[in-house]
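Everything below concerns the one structure shown next.
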Amino acid sequence: MNRIKKIFEKRSKKVIPYLTAGYPHKEDTLAMVLAAEAAGAAMVELGIPFSDPLADGPVIQDSSQVAIQNGVTLSWILETVFEIRKRSEIPIALMGYINPIIKYGLSSFILECKVSSIDGLIIPDLPPEEADDFLQISQENDISPILLVAPNTSGIRIQEISKLAGDLIYCVSILGVTGSSGAMNDDLGTYLDRVEKYSLCPYVVGFGIRNRSDVINVNKMSHGAVVGSKLIMEVGNSTDPIECVNKYIKGLIS
């Protein structure tokens with residue numbers, strides 16, 4: 001069974017860190033994923049660096065630029081996950097934009113994701129209406145296509161998107177980019193009540209989640225909390241990124 005399907009079989013409190021692959025140093029990525037797992041992370045989102053990440057705020061944009069300068073490529077990320085799999089069974093989803101994947105070749109990329117034992121794919125700039133091939137090839141290879149919904153997504157639309165995704169959807173907590181103002185606002189509960197009512201599959205929440213209080217509150221209303229920009233900021237300011245990941249995630253959990 002796909003690892004993402006397995007961990008979401010039962011509803012539980014989950015912390016899902018986002019790490020930019022190859023940031024701050026290429027050689028740290030494998031150890032940072034293992035550190036996240038050791039700290040209690042339920043799953044890891046590994047970001048594919050891209051020169052024009054439209055959904056990302058300045059923190060993740062900057063980390064992408066550093067990773068690109070470090071020589072990170074799609075092939076290197078796939079090889080790194082393959083190495084991680086020798087030491088870990090934590091679910092891993094890649095999050096990236098469609099242009100590099102098209103350049104690589106969609107079918108080739110997804111087939112190589114399967115070889116590397118990647119569990120899920122998130123492509124923020126690929127609308128569901130244009131995702132037929134992505135959905136079909138991913139699902140044929142037991143990789144979860146994780147589609148996005150937002151606060152302005154209608155109930156019926158949430159239902160349609162969740163049906164297409166099948167295993168998991170990603171709820172963007174705010175209308176904006178990563179690292180924007182905090183997720184916890186008066187409208188979040190109403191929005192997630194709508195997702196709860198209409199989604200046909202589990203859902204996680206990301207964007208603007210910064211601290212343990214946010215994680216606790218989001219987990220009450222969803223199946224997991226994704227922490228990205230704040231973690232990337234902490235890592236970027238640390239002299240020991242691996243220990244930083246471990247300590248920060250432990251602080252979100254306990």
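What pairs come up if the first residue lies in region 139-155 and is at pLDDT 95 or above, the second is in a loop (DSSP other than H, G, I, E, B) and among the small types (G, A, S), and their beta carbons are under 6 Å apart, counting only those six or more places apart or on different chains?
The qualifying pairs do not exist here.
Any idea which of (1) of a type in the set (D, E); (2) touching a residue at least 60 places away in the same chain (Cβ under 8 Å); (3) surrounded by 14 or more Cβ atoms within 10 Å (Cβ to Cβ) is the one E243 doesn't satisfy?
(3)
When you check L106 against the structure, is it over 22 Å from K5 (Cα atoms), modelled with pLDDT under 95 and aliphatic (A, V, I, L, M), yes or no?
Taking the combined requirement at face value, the residue does not satisfy it.
Which numbered condition in (1) in contact (Cβ under 8 Å) with a residue 12 or more places away in the chain; (2) surrounded by fewer than 23 Cβ atoms within 10 Å (Cβ to Cβ); (3) acidic (D, E) is the only one that E45 fails?
Going through (1) in contact (Cβ under 8 Å) with a residue 12 or more places away in the chain; (2) surrounded by fewer than 23 Cβ atoms within 10 Å (Cβ to Cβ); (3) acidic (D, E) one by one, E45 breaks only (2).
Can E37 be described as crowded, with 19+ Cβ neighbours inside 10 Å, among the charged types (D, E, K, R) and outside any helix (DSSP H, G or I)?
So E37 does not fit the description; no.
Restricting to region 7-34, give me the number of residues that are more than 21 Å from K220 (Cβ to Cβ), part of a helix (DSSP H, G or I) and hydrophobic (A, V, I, L, M, F, W, C).
Matching residues across region 7-34 total 5.
Name the residues in region 48-62 that are in contact (Cβ under 8 Å) with a residue 60 or more places away in the chain and not in a helix (DSSP H, G or I), would you?
Matches in region 48-62: L54, A55, D56, G57.
Out of everything in region 63-101 that is of a type in the set (G, A, S) and either without any contact (Cβ under 8 Å) to a residue 40 or more places away in the chain or touching a Gly at 6+ places or on another chain (Cβ under 6 Å) (or both), what residue ends up being nearest to P24 (Cα to Cα)?
A67
The values are calculated or read from the model by the stated rules, or taken from the named source; none is laboratory data. Computed from a prediction, not measured in an experiment: that's the story for all the values here. Reconstructed Cβ throughout: ideal geometry from the backbone, glycine too, with neighbour counts over all protein chains shown.
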